[in-house]
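As C-alpha coordinates, the structure follows; a few thoughts come after it.
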Amino acid sequence: MLYAIIAQDAPGTLDQRLLHRPRHLDRLHALQAEGRLVLAGPCPAVDSPTPGDAGFSGSLIVAEFDSLDEARRWADDDPFVAGGVYRHVEVKPFVKAVPR
(Lines give C-alpha, C1' and ligand atoms only; values in the text may rest on other atoms or scores of the structure.)
Protein backbone atom coordinates (compact mmCIF):
# COMPACT_ATOMS: atom_id res chain seq x y z
CA MET A 1 0.00 0.00 0.00
CA LEU A 2 1.05 3.59 -0.50
CA TYR A 3 1.77 5.92 2.42
CA ALA A 4 2.21 9.68 2.57
CA ILE A 5 5.00 10.91 4.81
CA ILE A 6 4.37 14.56 5.58
CA ALA A 7 7.16 16.24 7.51
CA GLN A 8 7.41 19.75 8.97
CA ASP A 9 10.81 21.34 9.41
CA ALA A 10 11.84 22.94 12.67
CA PRO A 11 12.54 26.67 12.26
CA GLY A 12 16.10 27.63 11.42
CA THR A 13 17.28 24.19 10.31
CA LEU A 14 18.44 24.91 6.75
CA ASP A 15 22.09 24.22 7.64
CA GLN A 16 21.17 20.86 9.22
CA ARG A 17 19.01 20.02 6.18
CA LEU A 18 21.92 20.65 3.83
CA LEU A 19 24.29 18.65 6.06
CA HIS A 20 22.05 15.56 6.23
CA ARG A 21 20.64 15.80 2.68
CA PRO A 22 23.05 13.30 1.03
CA ARG A 23 22.06 10.48 3.44
CA HIS A 24 18.39 11.47 3.18
CA LEU A 25 18.59 11.26 -0.63
CA ASP A 26 20.43 7.90 -0.47
CA ARG A 27 17.41 6.41 1.31
CA LEU A 28 15.02 7.86 -1.26
CA HIS A 29 17.14 6.55 -4.13
CA ALA A 30 17.06 3.09 -2.52
CA LEU A 31 13.24 3.21 -2.46
CA GLN A 32 13.28 4.34 -6.08
CA ALA A 33 15.60 1.49 -7.10
CA GLU A 34 13.16 -0.94 -5.46
CA GLY A 35 10.29 0.58 -7.47
CA ARG A 36 8.50 1.77 -4.32
CA LEU A 37 8.89 5.56 -4.56
CA VAL A 38 6.03 7.51 -6.15
CA LEU A 39 7.34 11.00 -5.42
CA ALA A 40 9.43 12.93 -2.94
CA GLY A 41 10.49 16.49 -2.47
CA PRO A 42 10.82 19.51 -0.22
CA CYS A 43 8.28 22.27 0.34
CA PRO A 44 9.95 25.68 -0.09
CA ALA A 45 9.24 28.16 2.71
CA VAL A 46 8.54 30.85 0.09
CA ASP A 47 6.82 30.80 -3.29
CA SER A 48 9.92 29.84 -5.27
CA PRO A 49 11.52 26.57 -6.39
CA THR A 50 14.86 28.01 -5.17
CA PRO A 51 14.08 29.56 -1.78
CA GLY A 52 17.66 30.44 -0.88
CA ASP A 53 18.09 31.44 2.76
CA ALA A 54 14.32 31.13 3.36
CA GLY A 55 14.84 27.38 3.26
CA PHE A 56 12.08 24.83 3.44
CA SER A 57 9.00 24.26 5.55
CA GLY A 58 9.01 20.47 5.22
CA SER A 59 8.87 17.54 2.84
CA LEU A 60 6.43 15.16 1.20
CA ILE A 61 7.21 11.53 0.37
CA VAL A 62 4.76 9.06 -1.14
CA ALA A 63 6.04 5.50 -1.23
CA GLU A 64 4.95 1.89 -0.99
CA PHE A 65 5.42 -0.06 2.24
CA ASP A 66 4.02 -3.36 3.53
CA SER A 67 2.27 -1.68 6.46
CA LEU A 68 1.70 1.57 8.27
CA ASP A 69 4.11 0.41 10.98
CA GLU A 70 6.83 -0.21 8.39
CA ALA A 71 6.26 3.22 6.85
CA ARG A 72 6.48 4.85 10.29
CA ARG A 73 9.70 2.97 11.12
CA TRP A 74 11.22 4.04 7.81
CA ALA A 75 10.21 7.67 8.43
CA ASP A 76 11.54 7.57 12.00
CA ASP A 77 14.95 6.41 10.72
CA ASP A 78 15.34 9.36 8.34
CA PRO A 79 18.54 11.39 8.81
CA PHE A 80 16.42 14.54 8.90
CA VAL A 81 14.73 13.19 12.05
CA ALA A 82 18.01 12.29 13.76
CA GLY A 83 19.57 15.59 12.61
CA GLY A 84 16.79 17.72 14.10
CA VAL A 85 15.50 19.01 10.75
CA TYR A 86 11.99 17.58 11.10
CA ARG A 87 10.02 18.75 14.12
CA HIS A 88 6.93 16.68 13.23
CA VAL A 89 6.36 13.73 10.90
CA GLU A 90 2.94 12.37 10.02
CA VAL A 91 2.54 9.06 8.20
CA LYS A 92 -0.80 8.06 6.77
CA PRO A 93 -2.20 5.62 4.21
CA PHE A 94 -2.56 7.11 0.74
CA VAL A 95 -4.60 6.06 -2.30
CA LYS A 96 -3.40 7.36 -5.66
CA ALA A 97 -6.52 8.20 -7.67
CA VAL A 98 -5.16 10.38 -10.50
CA PRO A 99 -3.27 9.84 -12.68
CA ARG A 100 -3.67 6.10 -12.94
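Listed by first and then second residue, the pairs linking a residue in segment 12-27 that is polar (S, T, N, Q) to a residue that is open to solvent by 50 Å² or more (accessible area, probe 1.4 Å), with Cβ atoms under 9 Å apart and 6 or more places separating them unless they lie on different chains, are 13/56; 13/87. Applying a threshold of 7 Å to beta carbon distances and a minimum spacing of six or more residues, or different chains, the list of pairs starting in segment 76-93 at a residue that is of a type in the set (Lys, Arg) and ending at one that is surrounded by 12 or more Cβ atoms within 10 Å (Cβ to Cβ) reads 87/8; 87/9; 87/10; 92/3; 92/4. When we screen 53, 15, 26 for residues that are charged (D, E, K, R) and under 13 Å from the mean Cα position of the chain (by Cα), the only hit is 26.
The values are calculated or read from the model by the stated rules, or taken from the named source; none is laboratory data. Predicted, not measured: the structure shown is a model, and the values here were computed from it. Heads up, the Cβs are rebuilt from the backbone with ideal geometry, glycines too, and the neighbour counts pull from every protein chain shown. Remember, those area values only see protein heavy atoms, side chains included, never the ligands or the DNA or RNA. Shrake-Rupley method; radii C 1.70, N 1.55, O 1.52, S 1.80 Å.
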